[in-house]
Amino acid sequence: MGESTAWVTIGALLAAICLTLAASAPASAGEGSRPTSLSAQRTIEPSAGQWMDVAPFGEIRTWEAGKDVGVLWEDPRDIFKVVVKFAQQPVDAASIKLQYWVTGGWPRNRVPRDKESLARLSGWTPTGDWFNGHWQDADVQLTTNGTEWTYTFNPANAKEFKESDFDGKYRTTMKIRLLFEGQPAPVAELHAFTDSVWDRVSAVVQWLDPPTTVKTEAFNGYVSSSTTSAGQTQLDVWYVKPQAAFSRDETIVTLRTNKHSFSFNAREVAEGNRILIPDFGVLVTRADDKVTYEQARAELAKGQKSRFDLVSELPEQTLPKAWSDMPLKGRIYMPLAVEGSREHFAVLPNGDIRIGLQWAKRIKGKDTPRIKWDSDEPVIRVGLPVTNRTGASIEEGILPIAITWYESDGVRYLEEAFATPLSGKLPRSGRVPGDEPIALMLKFRLTNLSNVSKIASLPMKVEDGGEQQLSIRDGLVFGKGKQGEFVRFYISSNGVADINVQGTVVTCSVSIPPRQTREFFATIPFITPETPEEIAALKSLDYYEQHKLIAGYWKKRLAQSARIITPEPMINQFLAAYPSHALINTDNEPGNDERAMAKVGTFHYGVYTNESVMMITELDRRGYHDVARKAYETWIHYQGTAALPGDYSTKEGVFYGAGGCQAGGYNQHHGWCLWGLAEHYWFTGDDQWLRRVAPAIVKGCDWIINERKRTFGEEYTGIREIERGLLPAGSLEDIGDWKSWMSNNVMNYWGMHNAAKALAAIGHPDAQRLLREAAAYREDIRKAFFEAMVRSPVARLRDGTYVPIIPSEVHRRGRSVGWICEVLEGSIHMIRCGIVDPSEPAYYWIMKDYEDNRYLAEQYGYLVPYPERDWFSLGGFCQQPSLLCSPTPYIMDDHPKHYVRAYFNAFAAGYFPERAMITEHPLPNLGNYAGDHFKSSDEGMNSSWVRWMFIWDEGEDLFLAKTMPRYWLADGKEVRIERAVTHFGVMSMSIKSKAASGFIEMTIDPPTRNAPRAIYARFRHPEGKSMNRVTVNGKPYDNFDPEKEWVVLPPLKEKTVVVAYYD
């Protein structure tokens, strides 16, 4: 039975709402309370071609106890005109101001109206919120006609923003109001117009399985009639045609039925699109389109397929293909440091040296007063001749010892660099204190490649906010800055370099006979050496002695890691080098070697808790529990010392503070820390440690519980009712807007649930309470965001069908602005964090939408010139390829081909083999780099994805080789993982392929600390053949599934050999 919602009822409904909610709570900082003075508010009847009044689609409110009245919207609106009708003629026009809410840095930060922004430009764009901003007096033209006043806007830069180049005659805002001085004038009507124009469409909804009840609603439009009969619903809809590329004015029609509820964009139907939703058995068309559901489905079956489906059909991706299809990369800089110290250097792509002073200046330590540089990042220009004949590498392919060379005029100039303690000694543990003075040692090896003598010169400079005047005394190079003249570095000529100074240049010239090599050295201190002892230490460092010390240390340290061997040398190189990156970024806290600051970037990024946990968890998986624990001790110690940016009542219990190194204010930080603390327990099995930190974990869980309770209050009604049960509004990742973001909530649930499970494992008295609270939180997230999904228009896939989408923010009806909101922090996390189960249809809606509409969309992904040709290798990842969990949902629902493609593509997009490191952002285009490096969080995620190919241990079962690439098991190939730390204990596993002889052999050295429920060992034959028999330790074994390629084993206590045989 149909239910009609005509436009003429809206005014009465709005008036009733205003009267009913008159006694609302006092206004808070962000949203305000509702007034009672607009009982005569009416809806202006739509007329084709006329501007849209958006007031009915917001909420009438007051913010200053009746001294004002206005409208609040869930999204920013471009307001061109405001019309007010007073109940009686106001006494004084000057006593009434029209104000609007300036937020999100508008107009400097604004969403372009003429076109959809490219992702690399719009990804970090805030759009504003109800909480952060200010009321701005509008520069307007006022026209009065009795009690009806019309406001139009003057150019924004005429008076309000004189320094801006923006001259628009509209205002983008989420709130607008009339502010009264003295006695408020009674307002009867308030209307706010955008430049979207009205039109009308008749539509038909065909139901394959007709529902018994259909209720229609419209947002930003009106359903003037709705009737359901004979398996169809006839709709007449007033909809708008937005004039802006990314408009929040789109008309969304919602149909709620006893079977499926969904929304569609009325403009899409008006333009002739057929909205076919196969999972619901629904087709929406224009009324004059006589196509049937079956005909529409048959036509689409002849066309394109979704990329998700194509990946299933195409040959499995390989790294050689992904790498060859990726644009060529340039050179990236190389961070160098000593483990434990915050004193970091960078070898720039051309061999110059940058000194990263930011953290030593910002956080006081013993080294702070010993720094006499003016800027935070002085640079030593070493003068290597930049030519096209060049190369770069690191020692043995994995050690943090950087090598850079150029050839010019028959001479090869090779620079080798590493960091070492200024004392020349390492402590027994190897990790130095956080403020331990460090020096960078340089060797310049100059080789004459010709048959004639050559003079090779390196002109060296010091830049510190400008080039410094230089002088040299006994090999010590002094630079003169604002604070005076100080030692900048030391040159050891080694008896071959002739050193001259002229102004800002120190030139080292070397005469080289034919076919011979000469070497000299330089040492750059991080601190500014002033005492005789410091200068003596600087001059006494011997390059080769220190090289032996540092190279030996890193070899030993890296050998402690769990080890993965694949058939791909680049992947092996990265996996072997990665621990040094994470260990370098995890500085000891100055003054306390038992706490460590897990900074996610070597130079600029601090402790971004969410990403810090990503790298610390990978260190746990590798066996570096000592460093992981030091990092967690920091969050435990500083719990409650720093507040997250949001509408929260307290910082008590919050995991964010890190002794001043905390960064980002991401509201997901807290949940990630809870998750990571639990993971540390799962990996170590250390009951004693968990009991010690349990009070902090409980306090962290209770912060979530108590803040959630606040959103059940009276304030959360009307437009805000959808927020009930979520955390209060807060900022998202790099987007500072305070909103009810999906990822903030799902990640806090994820962390709370994992922490509660860990506490239950040790029988903690609060565990069951916290598990119940976590389960209730999950249900509230599902309720809120599934409702948000119903309110959002379905999205078209490449195959022409439509699927529901879950918005990134609970008030958003559809897509958000920018790749961070829509992709990096999008609905994929509903799967990763356990809100959406892989068995649900929503799993496929999310993943198909990501593959078709997000990864390669111009406004959310990379601008790929030939997407239809290159999508297979250039898709499946976002603009931060190794941070987003793009492969993870595929292993959760057992899609190996999709997992392998997502991993290889992400690795190929970000990996720079010369330095064995992964960039944060391949921007502005693929092949480039951007961000702070080492980006050890992204690298940690990428490393974990390889590990999961071998071992997947999330849950009660242990999966081996679940997503192993088929070509890695070609005949004669071997893969192995050694000393891997799992939730069940330490284990090793190897696979040897004798596919040509008809078998593949897996050797399992199982974990024995606590047994998994079962072990699923997968054998992905390189040609996709099905196993026909299996042996375990030489004996026949029947529990295997040829279709799924599993051998299902009970818990194992000793080394076991499993062999799968093939015809």
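The values are calculated or read from the model by the stated rules, or taken from the named source; none is laboratory data. Computed from a predicted structure; not experimentally measured. Here the Cβ positions follow ideal geometry from the backbone for every residue, glycine too, while neighbour counts run over all protein chains shown.
Of all residues in the stretch 958-973, how many are part of a loop (DSSP other than H, G, I, E, B), free of Cβ contacts under 8 Å to residues at least 60 places away in the same chain and within 21 Å of A562 (Cα to Cα)? Result for the stretch 958-973: 1. Taking the criterion of being in contact with a strand residue (DSSP E or B) (Cβ under 8 Å, 6 or more places away or on another chain), assigned to a loop (DSSP other than H, G, I, E, B) and more than 19 Å from A537 (Cα to Cα), the only residue of the stretch 487-499 that qualifies is V496.
Within the span defined as the stretch 1006-1025, every residue fails to be without any contact (Cβ under 8 Å) to a residue 40 or more places away in the chain, crowded, with 16+ Cβ neighbours inside 10 Å and under 37 Å from the mean Cα position of the chain (by Cα).
A single member of A266, A270, A287 is within 28 Å of I79 (Cβ to Cβ), among the aliphatic types (A, V, I, L, M) and surrounded by fewer than 19 Cβ atoms within 10 Å (Cβ to Cβ), and it is A270. Would you mind stating whether V311 is buried (at least 22 other Cβ atoms within 10 Å of the Cβ), among the aliphatic types (A, V, I, L, M) and within 30 Å of H1021 (Cα to Cα)? Yes; evaluated as a whole, the condition is true for this residue. All conditions in (1) under 38 Å from the mean Cα position of the chain (by Cα); (2) of a type in the set (D, E); (3) not in a loop (DSSP other than H, G, I, E, B) hold for D129, with the sole exception of (3).
If you check A760, A776, A756 for being crowded, with 18+ Cβ neighbours inside 10 Å and either assigned to a strand (DSSP E or B) or hydrophobic (A, V, I, L, M, F, W, C) (or both), only one passes: A756.
Hey, does the stretch 703-715 have a residue that's outside the structural domain of T1008 (by TED's automatic domain parsing), over 20 Å from R782 (Cβ atoms), buried (at least 24 other Cβ atoms within 10 Å of the Cβ) and touching a helix residue (DSSP H, G or I) at 6+ places or on another chain (Cβ under 8 Å)? Yes, because at least one residue in the stretch 703-715 is outside the structural domain of T1008 (by TED's automatic domain parsing), over 20 Å from R782 (Cβ atoms), buried (at least 24 other Cβ atoms within 10 Å of the Cβ) and touching a helix residue (DSSP H, G or I) at 6+ places or on another chain (Cβ under 8 Å).
When V1030, V975 are checked against the criterion of being at pLDDT 95 or above and over 16 Å from Y1061 (Cα atoms), V975 stands alone in meeting it. The condition of being under 30 Å from R297 (Cβ atoms), crowded, with 23+ Cβ neighbours inside 10 Å and either among the aliphatic types (A, V, I, L, M) or outside the structural domain of K115 (by TED's automatic domain parsing) (or both) holds for only one of A795, A842, that being A842.
The selection criterion, being over 27 Å from A760 (Cβ atoms), in the same structural domain as L759 (by TED's automatic domain parsing) and hydrophobic (A, V, I, L, M, F, W, C), does not hold for A678.
The strands (runs of 3 or more DSSP E) found wholly in the stretch 406-486 and carrying at least 3 residues that are outside the structural domain of D626 (by TED's automatic domain parsing), of a type outside the set (S, T, Y) and surrounded by fewer than 17 Cβ atoms within 10 Å (Cβ to Cβ) occupy 469-473. The set of residues in the stretch 813-830 that are surrounded by fewer than 24 Cβ atoms within 10 Å (Cβ to Cβ) and either in a helix (DSSP H, G or I) or within 19 Å of the chain's Cα centre (by Cα) (or both) contains only R815. Only one entry of Y648, Y638 meets the criterion of being among the aromatic types (F, W, Y) and within 24 Å of the chain's Cα centre (by Cα), and that entry is Y648.
Output yes when any residue across the stretch 938-950 is assigned to a loop (DSSP other than H, G, I, E, B) and within 27 Å of D849 (Cα to Cα), and no when none is. No; the residues of the stretch 938-950 include none that is assigned to a loop (DSSP other than H, G, I, E, B) and within 27 Å of D849 (Cα to Cα).
Taken over the stretch 92-126, the criterion of being among the polar types (S, T, N, Q), at pLDDT 85 or above and either surrounded by 22 or more Cβ atoms within 10 Å (Cβ to Cβ) or outside any helix (DSSP H, G or I) (or both) is satisfied by Q99, T103, N109, T125. Residue under question is R976, and the condition is that it be under 15 Å from I565 (Cβ atoms), surrounded by fewer than 20 Cβ atoms within 10 Å (Cβ to Cβ) and assigned by TED's automatic domain parsing to the domain that holds D1041; does it hold? So R976 passes the test.
Condition check ((1) more than 30 Å from E1023 (Cβ to Cβ); (2) out of contact with any Gly (no Cβ under 9 Å at 6 or more places or on another chain)) across all residues:
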{"residue": "A788", "(1), (2)": "yes, yes"}
{"residue": "P793", "(1), (2)": "yes, no"}
{"residue": "V864", "(1), (2)": "yes, no"}
{"residue": "S873", "(1), (2)": "no, yes"}
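Residues satisfying the criterion are present in the stretch 2-19 (criterion: at pLDDT below 80, polar (S, T, N, Q) and farther than 22 Å from K241 by Cα).
Taking only the stretch 202-242 into account, find how many residues are among the β-branched types (V, I, T), outside any loop (DSSP other than H, G, I, E, B) and surrounded by fewer than 20 Cβ atoms within 10 Å (Cβ to Cβ).
Looking only at the stretch 202-242, we keep the residues that are among the β-branched types (V, I, T), and these are 204-205, 212-214, 216, 223, 227-228, 233, 237, 240.
In the following step, the residues that additionally are outside any loop (DSSP other than H, G, I, E, B) were identified as 204-205, 214, 216, 223, 227-228, 233, 237, 240.
Adding the requirement that they be surrounded by fewer than 20 Cβ atoms within 10 Å (Cβ to Cβ) leaves 204, 227.
The total comes to 2.
Scan the stretch 985-997 and tell me whether some residue there is modelled with pLDDT of 95 or more, assigned to a loop (DSSP other than H, G, I, E, B) and either closer than 26 Å to E316 by Cα or not assigned by TED's automatic domain parsing to the domain that holds V900 (or both). The answer is no, given that none of the residues of the stretch 985-997 is modelled with pLDDT of 95 or more, assigned to a loop (DSSP other than H, G, I, E, B) and either closer than 26 Å to E316 by Cα or not assigned by TED's automatic domain parsing to the domain that holds V900 (or both). Taking the numbered list (1) within 30 Å of R812 (Cβ to Cβ); (2) touching a strand residue (DSSP E or B) at 6+ places or on another chain (Cβ under 8 Å) in turn, W149 passes all entries but (1). Just one residue in the set S988, S997, S993, S1026 is in contact with a helix residue (DSSP H, G or I) (Cβ under 9 Å, 6 or more places away or on another chain) and not charged (D, E, K, R); that residue is S993. Checked against the criterion of being in contact with a strand residue (DSSP E or B) (Cβ under 8 Å, 6 or more places away or on another chain), outside the structural domain of D626 (by TED's automatic domain parsing), closer than 24 Å to G623 by Cβ and part of a loop (DSSP other than H, G, I, E, B), the stretch 1010-1025 contains one or more residues that satisfy it.
Check the stretch 610-617 and report whether any residue there is among the charged types (D, E, K, R) and outside any helix (DSSP H, G or I).
Among the residues of the stretch 610-617, not one is among the charged types (D, E, K, R) and outside any helix (DSSP H, G or I), which makes the answer no.
Does R381 qualify as being at pLDDT 95 or above, surrounded by fewer than 21 Cβ atoms within 10 Å (Cβ to Cβ) and more than 30 Å from F912 (Cα to Cα)? Against the criterion (at pLDDT 95 or above, surrounded by fewer than 21 Cβ atoms within 10 Å (Cβ to Cβ) and more than 30 Å from F912 (Cα to Cα)), R381 does not qualify. Kindly check whether there is at least one residue in the stretch 916-938 that is crowded, with 24+ Cβ neighbours inside 10 Å, among the acidic types (D, E) and more than 30 Å from E1043 (Cβ to Cβ). Yes: one or more hits. D374 passes every criterion in (1) over 23 Å from Q546 (Cβ atoms); (2) among the acidic types (D, E); (3) assigned to a loop (DSSP other than H, G, I, E, B); (4) under 28 Å from the mean Cα position of the chain (by Cα) apart from (4).
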